[in-house]
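Chemist: Below: one structure in structure tokens.
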Amino acid sequence: MAGMIITVAYEAKGKRANHVFDMKATNRDVYEQVTKPLVDSAVSGFNATIFAYGQTSSGKTHTMMGSKTERGVLELVVNEIFDAIESNPDREYLLRVSFIEIYQEQITDLLTGSTRLKVSDAHNEVVIKELSEEMCSTPDSVIDVMKKGEKLRHIACTNMNERSSRSHTIFRIIIESRSRCETGSDEIAIQLSHLNLVDLAGSEKVNQTGATGGRFKEGCAINVSLSALGKVIDQLSKNERHVNFRDNKLTHILRNSLGGNARTAIICAISPASVDETLSTLR
Ligand SMILES: Nc1ncnc2c1ncn2[C@@H]1O[C@H](COP(=O)(O)OP(=O)(O)OP(=O)(O)O)[C@@H](O)[C@H]1O
Ligand SMILES: [Mg+2]
């Protein structure tokens with residue numbers, strides 16, 4: 001089935017898909033055309049978010065995290081950030097990363113394993129209390145952090161996917177920079193931006209996954225939070241005055257990276273396993 005995966009990328013504020021990729025496309029093709037411009041924005045101080053969205057087993061985790069033989073979007077993004085930093089010697093950069101899991105509406109820090117973290121709003125900022133951050137100075141150190149966190153993520157075997165993601169994850173790269181050339185001023189302007197790479201759990205139908213008990217409960221929680229995300233993206237794309245960010249942990253945490261000046265790209269992975277699910281993903 002993997003060979004049949006098609007990926008569609010969509011900018012939330014547009015009305016239609018920007019790019020369509022067929023089964024021959026590589027993660028690098030998706031990265032070059034869809035996510036590279038967002039990385040450039042993030043390095044220039046704008047928040048950006050890249051989602052992988054779609055039904056279970058359609059290739060979201062493969063696209064974001066890669067495999068033994070192919071690098072994922074995350075790794076390509078990280079290399080690009082370090083290249084951008086190197087080619088900008090006039091600024092001093094500091095990079096920190098955090099790795100968040102949302103499992104059945106509970107937030108876990110994938111770098112420490114701490115669970116039930118609280119999210120709150122303070123001075124128009126969304127704060128996750130006690131969330132750890134690791135300072136990284138090389139691309140390899142970022143990838144090591146990603147791999148460490150991935151080991152703690154909730155995954156399980158279903159009829160559809162041997163390693164199905166049962167939670168949403170947000171890998172956040174915090175880019176802080178300041179000019180090396182500013183002199184004569186007491187206050188040095190610091191630029192701060194968040195780049196979020198979100199690997200969502202896939203939407204699923206019970207009759208396909210064969211989920212019962214705990215798996216069934218997970219599937220319900222996944223579908224509820226994906227509907228909440230769909231609603232928020234729909235409200236944003238219609239410029240509605242009220243957006244239901246706080247209905248759900250995922251949209252609450254990403255509030256400042258979805259609305260306002262943030263740039264968002266959604267990579268929709270689709271597969272022939274279910275036509276209904278494909279249509280709903282594209283909608
Ligand atoms: N483009 C691709 N090339 C080769 N293998 C792929 C590709 N996309 C997906 N696969 C393989 O298909 C299987 C399912 O993919 P993956 O785990 O990425 O799906 P998912 O969308 O993350 O599913 P879930 O929502 O259940 O987490 C994996 O074994 C993965 O390696
Ligand atoms: Mg997955």
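Chemist: For Thr264, indicate whether it is under 22 Å from His62 (Cβ atoms) and either surrounded by fewer than 16 Cβ atoms within 10 Å (Cβ to Cβ) or over 16 Å from the mean Cα position of the chain (by Cα) (or both). If you could, list the steps in order and put the result at the bottom.
Modeler: Working: under 22 Å from His62 (Cβ atoms): yes; either surrounded by fewer than 16 Cβ atoms within 10 Å (Cβ to Cβ) or over 16 Å from the mean Cα position of the chain (by Cα) (or both): no.
No.
Chemist: Here's something else I'd like to know. Please tell me if Arg163 is within 28 Å of Gly45 (Cβ to Cβ) and out of contact with any Pro (no Cβ under 7 Å at 6 or more places or on another chain).
Modeler: no
Chemist: Would you confirm, using the coordinates I've provided, whether Ser114 is surrounded by fewer than 17 Cβ atoms within 10 Å (Cβ to Cβ) and more than 16 Å from ligand 1 (Cβ to nearest atom)?
Modeler: The answer is yes for Ser114.
Chemist: Go through Ser141, Ser120 for me and flag whichever is over 21 Å from Asp83 (Cβ atoms) and not aliphatic (A, V, I, L, M).
Modeler: The unique qualifying residue is Ser120.
Chemist: Considering only segment 244-273, how many residues are within 19 Å of Val20 (Cβ to Cβ) and either part of a loop (DSSP other than H, G, I, E, B) or touching a Pro at 6+ places or on another chain (Cβ under 7 Å) (or both)?
Modeler: 3
Chemist: Please state which of the following conditions Ile100 fails to meet, knowing it meets all the rest: (1) surrounded by 24 or more Cβ atoms within 10 Å (Cβ to Cβ); (2) closer than 15 Å to Gln191 by Cα; (3) at pLDDT 95 or above.
Modeler: For Ile100, the exception is condition (2).
Chemist: Now a separate question. Every residue in segment 194-217 that is within 15 Å of ligand 1 (Cβ to nearest atom) and in contact with a Phe, Trp or Tyr (Cβ under 8 Å, 6 or more places away or on another chain), please.
Modeler: Leu197, Val198, Asp199, Leu200, Val206
Chemist: Against the definition (touching a residue at least 60 places away in the same chain (Cβ under 8 Å) and under 20 Å from the mean Cα position of the chain (by Cα)), how does Gly202 come out, yes or no?
Modeler: Yes; evaluated as a whole, the condition is true for this residue.
Chemist: Now a separate question. Of all residues being of a type in the set (Val, Ile, Thr), modelled with pLDDT under 95 and away from ligand 1 (no atom under 11 Å from the Cβ) in segment 138-192, which is nearest to Gln106 (Cα to Cα)? Just the residue, please.
Modeler: My answer is Ile190.
Chemist: Another question, if that's okay. Out of the residues in segment 16-73 meeting the condition of being in a strand (DSSP E or B) and polar (S, T, N, Q), tell me which one is nearest to ligand 1 (Cβ to nearest atom).
Modeler: Step by step, filter segment 16-73, then rank; the result is Gln55.
Chemist: OK, next. Of the residues in segment 54-70, how many are in contact with a Lys or Arg (Cβ under 9 Å, 6 or more places away or on another chain) and away from ligand 2 (no atom under 11 Å from the Cβ)?
Modeler: 1
Chemist: Also, I was wondering about something else. Could you go through segment 71-79 and let me know if any residue there is surrounded by fewer than 23 Cβ atoms within 10 Å (Cβ to Cβ), away from ligand 2 (no atom under 15 Å from the Cβ) and within 17 Å of Gly149 (Cβ to Cβ).
Modeler: The answer is yes, given that some residue of segment 71-79 is surrounded by fewer than 23 Cβ atoms within 10 Å (Cβ to Cβ), away from ligand 2 (no atom under 15 Å from the Cβ) and within 17 Å of Gly149 (Cβ to Cβ).
The values are calculated or read from the model by the stated rules, or taken from the named source; none is laboratory data. It should be emphasised that the depicted structure is a prediction, and the values quoted were computed from it without experimental measurement. Reconstructed Cβ throughout: ideal geometry from the backbone, glycine too, with neighbour counts over all protein chains shown.
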